[in-house]
Every structure is written in structure tokens, then in C-alpha cells.
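Please read the structure below before turning to the comments.
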Amino acid sequence: MNSSSTYPYSFIKVKKTIEHIDALYELLKKRVHNISHNSLPTYNDHKNFVKNSPYRVWYLIKVHDGYIGSLYLLNDNCVGIFVDPNYDHAIEYAISWALMSHKPLPEIKSIRSSNFHINVSPSNDRLKKAIQNIGGTKIQTTFSLTIR
């Protein structure tokens, strides 16, 4: 299910090439809702991150000749996704594709759920709506605590 006539999206496994590093950095610059960072990392920090990726699997989402997003799975069954705001309609398809193409890793009590989950910034209404549209259920609210 790399693409179909209805949805021209393909999912390309991220390789540690300059093309993929650059594409991921351009996508990172378009993000408005961030969970893992407060400011844009330097290109070199980003490049090192990609080369030492902590992800179970990582994809670039491509339409025609351009990359419109990225999607990854973590070893705790977390799904991470970013889609360029001009391609909101691709979010539901990309998440559904990931769920059909991969199985969650087995449950480890108190460490890993038996289901996939997605962390969503509280201000990311478009992602929340897309997840609800494909049957996702809100299971928790998470807070960051700063040491004073």
C-alpha cells in the first residue's frame, strides 16, 4: 500500500543521506506544534540526530516529487507524525497506513502498552481531529514539570 489512485502518497524509509536529512530539516522548520523541542535545532544537531535515530522505523511521506511529512514509530509503540499544513487531508491516511503496515510491539506491563499511541500538542487541533476521525480515543493528559 505504498500509494493508490485515490491517495498519491508514498512512504519512503528514511536513510541517512543528505537528501533525507535536508528534507527532514525543511519539514522540521515548518512545524508549529512541538513537543520535543522549544526552538529549531541547528542543522548539525539535526544531522546528528538523523544519523543516530532512536526510532524503530522512520518514513518520509512523499507526494509526486515532494516530501510533505514524516512519520515514525518508537519502541514504546508511540507514533510520531508531522504533515505540512497544506496537506491536512494526508494525516488520516498516513496514520491508517502506519497501523496497517506495522504491528505494535508486545505489551510490557508499566512500560509499553499493547496499542499504538500518539502524543499531541494541546494546541494541535488538526491532528486531534484526524486521530478522532479514525477512531482514536483520548487516554491521558501529560504535563511537563520544570525544576525550580
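The values are calculated or read from the model by the stated rules, or taken from the named source; none is laboratory data. All values derive from a computational prediction rather than experimental measurement. Here the Cβ is made from the backbone with ideal geometry for all residues, glycine too, and neighbour counts use every protein chain on show.
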Checklist entry - Residues in region 50-73: is at least one out of contact with any Lys or Arg (no Cβ under 7 Å at 6 or more places or on another chain), part of a loop (DSSP other than H, G, I, E, B) and of a type in the set (D, E, K, R)? => result yes
Checklist entry - Any idea how many residues of region 95-140 are of a type in the set (Ser, Thr, Tyr) and within 18 Å of GLY80 (Cβ to Cβ)? => result 5
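Quickly run through region 78-98 and pick out the residues that are assigned to a helix (DSSP H, G or I) and either surrounded by fewer than 15 Cβ atoms within 10 Å (Cβ to Cβ) or out of contact with any strand residue (DSSP E or B) (no Cβ under 8 Å at 6 or more places or on another chain) (or both).
PRO85, ASN86, GLU92, SER96
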Next on the checklist: Of all residues being outside any loop (DSSP other than H, G, I, E, B) and β-branched (Val, Ile, Thr) in region 109-148, which is farthest from the chain's Cα centre (by Cα)? Just the residue, please.
Outcome noted: ILE131
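Yes or no, residue by residue, for (1) over 22 Å from LYS29 (Cβ atoms); (2) in contact (Cβ under 8 Å) with a residue 12 or more places away in the chain; (3) out of contact with any Asp or Glu (no Cβ under 6 Å at 6 or more places or on another chain); (4) basic (Lys, Arg):
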site	(1), (2), (3), (4)
VAL63	no, yes, yes, no
ILE131	yes, yes, yes, no
THR142	yes, yes, yes, no
ARG148	yes, no, yes, yes
Checklist entry - Taking region 70-99 only, how many residues are farther than 19 Å from LEU28 by Cα and small (Gly, Ala, Ser)? => result 2
Item to check | Residues being closer than 21 Å to TYR59 by Cβ and at pLDDT below 95 - total across region 97-111 | outcome: 0
